[in-house]
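So the structure is just underneath, and the comments pick up after that.
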Amino acid sequence: MAKARRVYDDGPKLNIKKVIGAVVVLIIIIALIVGIKKMLDNDSNSISGKIENVYYYTIYDNGKWGVIDSYGKTVVTAMYDEMIVIPNPAKDLFICTYNVDYSNGTYKTKVINSKNKEIIKDYDKVEAVANYDKNQNIWYENDVFRIEKNGKFGLVNYSGKQLLAPEYDSINVVTGIENSLVIEKER
C-alpha cells in the first residue's frame, strides 16, 4: 500500500537570505554612485582652478592705476594717477586718490568696492592707517580708516561705522606697534 503524503501548497516561499543580499547589494551600488559623483565634483573644482578666497592687487597700466582680483579680472579700470591703496587684500575696499594738486599738496580720496560703488562718503579724506616696522615694511591697521573733515580727524571701520567723530587735531600710529594710535585734541 502506498503511503499517503500531505501536500501543502502555500505557493513559493520567500528566501529571506536572498532578499537581504539584494538589499545590501543595492545599498552598495548607491553608495558607490554617490562616492564617484563626489570625487568627480571635487576633481572638477580643482581642475577649473576655483579660488575660495579672492584677493585684490593694484595694477599699473599705461601710466594709470587700477585693481585686479586673484582671477586676473579687472575690478577697477586703470584710470587713477596715484596708486590705489588696498588696506586688506582679502576685502574689496580700495582707497582712490584724485584731484591731486602737487603745487599746494592737496588731494581728495574716496573708498570704493569691487562694483565701483563709493562706500564711505561725507568726509573730505579717507585714508588707511599706515604703520611701519623697524625695516620700514608697511602694513595697515586692521579694519580702521582715518577720516578728515574740515581739518579735523576721526576714525571709521571698514563698514563705514564711525568709531571717533572727526573732532581731533591728529591721529597717528605708534610706529611698529599694531592697533596703537596717538590721538591729540586741543582743549
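What follows draws every value from the coordinates through simple rules; no lab data is involved. A quick note: this is a predicted structure, and the numbers were derived from the prediction, not measured. Note: ideal-geometry Cβ built from the backbone for every residue, glycine included; neighbour counts use all protein chains shown.
How long is the gain from Lys110 to Lys134 if the chain were fully straight, where each residue apart is worth 0.36 nm and the alpha carbon distance is subtracted?
Stretched fully, the Lys110-Lys134 segment lengthens by 5.7 nm.
In what sequence, highest mean first, do 85-91, 98-104, 58-64 appear when ranked by Cβ atoms within 10 angstrom?
Top to bottom by mean Cβ count within 10 Å: 85-91, 58-64, 98-104.
Please compare each pair in Lys108/Lys152; Lys117/Lys161; Lys110/Lys152; Lys18/Lys38 to a cut-off of 22 Å on the Cα-Cα distance and tell me which ones are over it.
Lys18/Lys38
Which residue, Ile20, Asn179, Tyr55, has the largest displacement toward the positive end of the dipole of the chain when charges sit on each Cβ (Lys, Arg +1; Asp, Glu -1)?
Ile20
Could you work out the relative contact order of the chain? I mean the mean sequence separation of Cα pairs under 8 Å and 6+ apart, divided by the number of residues, in percent.
Relative contact order here is 9 percent.
Starting from 0.36 nm per residue, how many nanometres of slack lie between Val174 and Asp122 once their C-alpha separation is accounted for?
16.0 nm
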